[in-house]
1. Quick one: if you stick a label point 7 Å off each Cα along the C-beta vector at residue 35 and residue 290, how many nm between them?
2. In what sequence do 121, 404 fall when counting other Cβ within 10 Å, fewest first?
3. Along the Cα-to-C-beta direction of residue 94, a point sits 7 Å from the Cα; which residues of region 216-234 have their amide N less than 18 Å from that point?
4. Any idea how far apart residue 80 and residue 405 come out in nm if each label point goes 7 Å out from Cα toward Cβ?
5. Taking the beta-carbon count within 10 Å as an exposure proxy, list 421, 396, 48, 204 from fewest neighbours to most.
6. Order the peptides 127-134, 150-157, 78-85, 206-213 from the highest to the lowest mean number of other Cβ atoms within 10 Å of their residues.
7. Under a crude label model (7 Å from the Cα following the beta-carbon direction), how far is residue 193 from residue 348 in nanometres?
8. Can you put 237, 395 in order of Cβ neighbours within 10 angstrom, beginning with the fewest?
Amino acid sequence: LSDRLTLTFKNLRSKGRVTDSDINATIRDIRVALLDADVSLPVVRAFTSRVRERALGAEVHEALNPGQQVVKIVNDELVEILGGQTRPIRLAKQPPTVIMLAGLQGSGKTTLAGKLGYWLKQQGHTPMLVAADLQRPNAVTQLEVVGERAGVPVFAPERGNVAGYDAAVEYGSGTRGYGDPITVARQGVAEAQRQQRDVVIVDTAGRLAIDTELMQQAADIRSAIEPDEVLFVVDAMIGQAAVDTAVAFSDGVDFTGVVLSKLDGDARGGAALSIAHVTGRPIMFASTGEQTKDFEVFHPDRMASRILDMGDVLTLIEQAERAFDRREQQELTRKFMEEEDFTFDDFLQQMSAIKKMGSLKQLLGMMPGMNQMREQLASLDEREFDRVEAMVRSMTPFERNHPKQINGSRRARIARGSGVTVSEVNQLLERFGQAQKMMRQLRRGGGIPGMPGMPG
Ligand code: GDP
Ligand code: MG
């Protein structure tokens with residue numbers, strides 16, 4: 001990313017007040033930086049207008065100064081365009097899960113087949129690769145080598161078994177090739193089923209440029225094997241051209257996800273942003289080298305910071321957000337001290353606030369005036385906490401607000417619903433009753449001593 005943008009962010013961050021002209025200047029710099037990173041112009045336009053709108057709308061984020069807010073907006077928008085969250089492979093209900101690879105020649109499909117196979121195997125799957133690229137004479141051999149390196153079996157047409165394998169022939173849609181890739185793909189999936197492999201990765205042919213015949217072949221393979229995922233593999237180094245390719249494959253074959261390959265080069269990730277934006281398909285994996293292990297699950301947030309090159313800013317924002325959460329928590333504590341009676345609903349609310357913030361012990365470290373309770377609660381095991389939550393979630397809204405009304409049959413039902421014994425439910429109710437009593441006494445006594453903002 002341009003040093004200029006880094007500087008812009010640095011200046012912006014330290015600003016207590018951001019004027020419209022600051023925002024405009026920042027947006028100009030972001031625009032230049034994105035274009036520099038090979039993001040396509042329409043995407044840059046859409047992106048900057050969203051950022052401007054949000055920045056001028058000045059969402060108030062208490063823990064951040066206005067400069068930090070703009071940086072955060074830019075980052076959030078990038079993550080959003082990149083798909084928000086990592087999208088995992090959708091496994092078929094009925095194995096095998098069929099994954100088809102599509103993309104231009106040289107984009108890295110065959111290499112990816114090995115990487116994906118290896119990765120899936122590490123995850124406990126039993127993958128198989130299928131060599132349905134019969135366009136070039138050595139494509140099958142290449143996949144066999146890749147498969148061997150990854151320790152994943154390869155289904156390939158037997159030499160001489162597939163009509164015309166040894167000599168270029170005309171097949172199905174009239175394309176010249178070394179056999180019929182549609183038949184091979186179908187046979188490969190059937191073989192995987194027979195061997196009870198749970199994932200099949202089908203490698204297909206590509207051409208150097210977008211080509212209707214080849215697109216037709218890919219579409220035909222797709223309809224023949226009905227894959228659960230069609231992964232479009234694209235070389236991140238080709239920059240702007242990646243977008244046209246993505247659009248052509250999106251129209252011609254349609255894909256369910258994207259794999260960015262060759263991200264190890266000095267590709268700046270701009271292609272990622274454009275492809276995600278233009279096709280609306282999630283980027284699922286990144287290929288980062290020629291070795292089998294050079295493969296990663298794609299994380300939108302990490303790519304966003306790669307594009308913005310501002311790891312330190314993100315850390316800063318995270319810290320600020322944590323500080324903000326702490327204030328929210330104090331607010332909640334005060335609210336519940338003023339409420340009529342402490343109910344199980346309040347309890348659930350507290351629980352979710354605690355969960356949002358991390359572990360119980362961390363939380364206690366943040367809350368002032370909690371010294372006495374800290375020791376008591378520290379002995380509470382977090383799993384115990386989950387059990388308690390399960391019990392509360394098994395209560396009806398009426399029961400949560402009227403704990404005293406929970407009779408024997410209700411207790412039995414709650415125990416069944418949450419998978420605990422009735423005596424555990426009894427214990428919870430008893431402890432809860434004591435806590436309620438304690439809360440009432442505290443309120444009458446004028447609050448917890450040492451709690452800021454509280455009387456007494
Ligand atoms: P295909 O034609 O789509 O099957 O592409 P290949 O898998 O044969 O890859 C084409 C070339 O790119 C090969 O020389 C690979 O070693 C190389 N390649 C593939 N993926 C990557 C990657 O992530 N990083 C780098 N540096 N090279 C890669
Ligand atoms: Mg190949």
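What follows is calculated from the coordinates using simple rules that are stated; it is not laboratory data. Everything numeric here is computed off the predicted structure, so don't read it as measured data. With ideal geometry, Cβ positions are generated from the backbone for all residues, glycine too; neighbour counts draw on all protein chains shown.
1. A separation of 3.6 nm, rounded to one decimal place.
2. Placing the least packed residue first, the sequence is 404, 121.
3. 223-229
4. Spacing of the two 7 Å Cα→Cβ label points: 4.3 nm.
5. Ranked by crowding around the Cβ, least crowded first: 421, 396, 48, 204.
6. Numbers: 127-134: 28.6, 150-157: 20.9, 78-85: 18.9, 206-213: 14.2.
Ranking the peptides 127-134, 150-157, 78-85, 206-213 by packing returns 127-134, 150-157, 78-85, 206-213.
7. 4.5 nm
8. 237, 395
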